[in-house]
Amino acid sequence: MRVGVDYYPEHWEESRWQIDARLMREAGISVVRLAEFSWCKMEPEEGKYDFGWLDRALEVLYKEGIQAVLGTPTATPPAWLHQRYDIYPRDARRYPLGFGTRLQRCLNHPVMRRYSRLITEAMVSHYANHPAVIGWQTDNEFEANLCYCDVCADLFRQWLQRKYGSLEALNKAWGTVFWSQEYSSWSQIPLPWVARCGQSHNPSLWLDYRRFASESTVSFQREQVEIIRRLAPHHFITHNFMGLHDSMDYFALAEDLDFVSWDNYPKGNWEEAGHAALAHDVMRGIKGKNFWVMEEQSGITGWEHVGRRPAPGQIRAWAWQAVAHGADAVVFFRWRSCLYGTEQYWHGILNHDGVPRRRYREVSRFGEEMNRLSAELDGTTPNHQVAILNSYEQNWALQIQPQVNGLRWWDQVRRYYHSFRRLGAGVDIVSIETDLKRYRLIAVPSWYILTERDTHRLTDYVREGGILILSPRTGVKDERNVCRTEPLPSLLREAAGVEVDDYDPLGDAQNRIRLSTGEEFTVSVWADALLLKGAEEVAVYTHSIFAGEPAIARHRYGKGVVYTFGTYGEPALYNTLLGRILDEARVERLAGIPADVDACWREKDGTRILFLINLSGEERAVPVPSEVTPLLGAPPQQGAVNLPPYEVGIYRVR
Ligand code: GLA
Ligand code: ZN
């Protein structure tokens with residue numbers, strides 16, 4: 001377990017470094033991330049490297065017992081490189097991004113690739129055996145390389161050629177006969193853009209371009225990873241992911257890395273409040289193991305406009321929340337608010353004046369606690385019986401054709417996630433390629449693109465006793481993003497014991513359903529009218545065109561059960577029905593947790609650590625199992641603990 005900070009020594013006078021390093025040590029900080037934007041300092045002229053300043057900074061830090069994760073600086077190529085070569089990414093109108101912000105490079109451009117390898121090699125050779133350096137961060141916050149430059153257009157066409165072999169096969173796969181789009185030469189194939197009549201390019205072309213753009217970023221990263229593995233095999237390699245960001249396939253990006261890190265700004269000016277728990281679980285699910293937070297909010301956020309100050313205690317609560325969800329390190333962004341540049345108002349632990357104040361004291365408190373509990377927490381990890389499947393391909397296909405409000409991937413994940421958590425069940429959010437049999441219950445948002453392989457994975461899981469929840473719009477397409485001809489849910493209809501007889505895309509409109517147990521709920525987004533083909537009815541529509549027809553069904557299949565949800569309901573529907581399904585699946589739950597308290601387990605060898613994080617500004621009474629040893633916070637009295645605002649309780653449970 002480690003506490004760290006993102007540090008930019010190049011922004012400050014060298015005479016200040018010693019004070020910073022001492023203050024860091026006193027706050028319990030033992031790791032810094034450095035250098036990810038300092039290409040112009042490390043290579044001020046082409047081929048002339050200068051690591052002197054970074055060596056001196058590392059020395060000052062190391063003397064205070066602080067180690068370093070170094071970032072490759074390829075998110076901000078220097079001006080001299082851009083002056084010599086045009087490596088700017090193009091937007092859909094082929095307008096170059098230009099110099100002066102960041103990410104102004106096309107990751108496919110051979111010149112960018114070459115200079116990326118050169119700076120990575122220079123850095124890694126220089127630091128491979130430096131005692132302070134423990135690992136690497138590739139670039140910074142990668143996105144899919146959705147670029148429209150000539151290089152990308154050429155490479156995309158080559159990619160298509162490898163994939164389809166012939167134009168005949170491509171024309172057939174995409175159905176280019178529609179609107180007279182049959183291609184007779186590879187060079188005719190466009191990059192899809194948001195066109196005059198909307199995002200109206202062929203959905204098959206779109207999906208392949210999204211796949212290509214994502215793979216481009218993965219292959220860019222791979223070149224850096226190969227260099228680091230070759231020159232510094234004893235160092236770890238990670239990257240700072242962005243939580244619910246979904247332009248690229250995070251599973252693929254993480255394959256080459258040792259573990260995932262991510263940047264958590266619960267109150268950042270673009271983030272949605274309250275999503276941190278979900279984002280932590282999504283990030284843990286990418287490699288199915290513990291992760292780091294590489295940037296954890298430590299102050300007021302903002303570029304041109306600023307956010308609110310985190311409430312006293314909130315920074316510490318967020319940090320413990322990260323650990324509760326599986327973070328093994330929390331690295332705060334950033335050490336001190338910068339005096340210049342775009343992020344002048346993205347506040348760090350220290351203000352511009354550099355004087356340790358309240359936020360420094362709050363981080364120090366967390367640092368002291370984390371270091372004290374380190375031995376207890378090392379090697380522990382969350383371990384859950386419920387999973388929600390995550391897929392970037394499904395997500396992109398729904399971005400390409402959102403169909404109605406409310407069908408977006410994370411909207412769907414959220415409905416299941418928040419309800420499971422409300423009901424006291426911990427959740428893993430995983431790829432369909434993980435070992436599904438570990439789980440007693442799996443909820444699947446619209447598995448819109450359904451392959452034979454995925455069908456087998458899901459049906460095997462149910463046959464052997466798993467409980468599966470399917471959502472509307474399952475099995476609509478094949479992997480080409482072409483509609484299937486089988487009745488929906490196409491390849492899964494036998495396992496589901498239902499067929500979709502008709503559907504009504506509700507969007508924001510509403511209908512009502514009644515459970516067989518009598519309760520009624522409002523539904524929206526989508527309504528499938530189900531035909532029962534072996535399944536039993538769980539709910540019927542009570543209004544409108546489908547009144548009296550099944551909306552939710554349950555089917556025994558092999559040793560397991562498939563629930564088909566033909567519609568999306570208000571939260572109360574899930575809190576009722578998912579509660580019953582959790583019981584049917586014999587999922588262990590923490591009962592009676594208030595909605596704004598995040599309760600999580602980490603465990604190791606039968607020992608469990610319970611985390612209770614009060615995310616609200618009011619006191620909350622939380623039930624605690626008997627026989628607990630308090631590790632942090634007050635001991636429970638009569639089976640409950642009173643958590644003051646933003647307070648944290650950590651307990652060892654036998
Ligand atoms: C991201 C980046 C950082 C910084 C912060 C704050 O997470 O990785 O470099 O820009 O946002 O804006
Ligand atoms: Zn490009």
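Here is a check on your reading of the model: is residue 330 closer than 30 Å to residue 16 by Cα, under 25 Å from the mean Cα position of the chain (by Cα) and surrounded by 17 or more Cβ atoms within 10 Å (Cβ to Cβ)? Outline the logic, then answer.
On the way: closer than 30 Å to residue 16 by Cα: yes; under 25 Å from the mean Cα position of the chain (by Cα): yes; surrounded by 17 or more Cβ atoms within 10 Å (Cβ to Cβ): yes.
Here the answer is yes, as residue 330 does meet what is asked.
I'm checking my understanding of the structure. Among residues of segment 103-161 that are away from ligand 2 (no atom under 11 Å from the Cβ) and of a type in the set (Asp, Glu), which one is farthest from residue 35 (Cα to Cα)?
Once the filter is applied, the top-ranked residue is 143.
Can you tell me which residues in segment 24-40 are within 16 Å of ligand 1 (Cβ to nearest atom) and not in a loop (DSSP other than H, G, I, E, B)? Spell out the reasoning first.
In the first step, residues of segment 24-40 are kept if they are within 16 Å of ligand 1 (Cβ to nearest atom); the result is 32-40.
Of everything in segment 24-40, those that are within 16 Å of ligand 1 (Cβ to nearest atom) and not in a loop (DSSP other than H, G, I, E, B) turn out to be 32, 33, 34, 39, 40.
Quick grid of which residues meet (1) surrounded by fewer than 18 Cβ atoms within 10 Å (Cβ to Cβ); (2) part of a loop (DSSP other than H, G, I, E, B); (3) outside the structural domain of residue 322 (by TED's automatic domain parsing):
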residue: 341; (1), (2), (3): yes, yes, no
residue: 347; (1), (2), (3): no, yes, no
residue: 352; (1), (2), (3): yes, yes, no
residue: 356; (1), (2), (3): yes, yes, no
residue: 365; (1), (2), (3): yes, no, no
residue: 369; (1), (2), (3): no, no, no
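Contact list please: Cβ distance under 9 Å, first residue in segment 458-471 and in the same structural domain as residue 409 (by TED's automatic domain parsing), second residue acidic (Asp, Glu) and surrounded by fewer than 24 Cβ atoms within 10 Å (Cβ to Cβ), pairs at least six apart or on different chains.
Correct list of pairs: 459/494; 466/460; 467/584.
Does any residue of segment 514-523 turn out to be without any contact (Cβ under 8 Å) to a residue 40 or more places away in the chain, within 33 Å of the chain's Cα centre (by Cα) and on the phi < 0 side of the Ramachandran plot?
Checked segment 514-523: no residue is without any contact (Cβ under 8 Å) to a residue 40 or more places away in the chain, within 33 Å of the chain's Cα centre (by Cα) and on the phi < 0 side of the Ramachandran plot.
So which pairs qualify, if the first residue must be in segment 140-163 and on the phi > 0 side of the Ramachandran plot, the second must be within 16 Å of ligand 1 (Cβ to nearest atom) and not in a helix (DSSP H, G or I), the Cβ gap must be under 6 Å, and the two must be at least 6 apart or on different chains?
Pairs found: 141/240; 141/242.
Would you point out which residue out of 218, 225 is within 16 Å of ligand 2 (Cβ to nearest atom) and either in a loop (DSSP other than H, G, I, E, B) or within 23 Å of residue 295 (Cα to Cα) (or both)? Lay out the reasoning, then the answer.
Working: 225 fails: within 16 Å of ligand 2 (Cβ to nearest atom).
Unique residue meeting the criteria: 218.
Among the candidates 136, 80, which residue alone is of a type in the set (Phe, Trp, Tyr), in the same structural domain as residue 234 (by TED's automatic domain parsing) and either within 16 Å of ligand 1 (Cβ to nearest atom) or modelled with pLDDT under 95 (or both)? Write out each step before concluding.
On the way: 80 fails: either within 16 Å of ligand 1 (Cβ to nearest atom) or modelled with pLDDT under 95 (or both).
Going through 136, 80 in turn, just one is of a type in the set (Phe, Trp, Tyr), in the same structural domain as residue 234 (by TED's automatic domain parsing) and either within 16 Å of ligand 1 (Cβ to nearest atom) or modelled with pLDDT under 95 (or both): 136.
Can you name the residue in segment 181-206 that is modelled with pLDDT of 95 or more and outside any loop (DSSP other than H, G, I, E, B) and is also farthest from residue 158 (Cα to Cα) among such residues?
Per the criteria, the residue is 203.
For residues in segment 257-276 being at pLDDT below 95 and either in the same structural domain as residue 391 (by TED's automatic domain parsing) or hydrophobic (A, V, I, L, M, F, W, C) (or both), which is nearest to residue 422 (Cα to Cα)?
Per the stated criteria, the residue is 276.
The values are calculated or read from the model by the stated rules, or taken from the named source; none is laboratory data. The structure displayed is predicted, hence computed values, not measured ones. Counting neighbours? That spans all protein chains shown, and the Cβs are built from the backbone with ideal geometry, glycine included.
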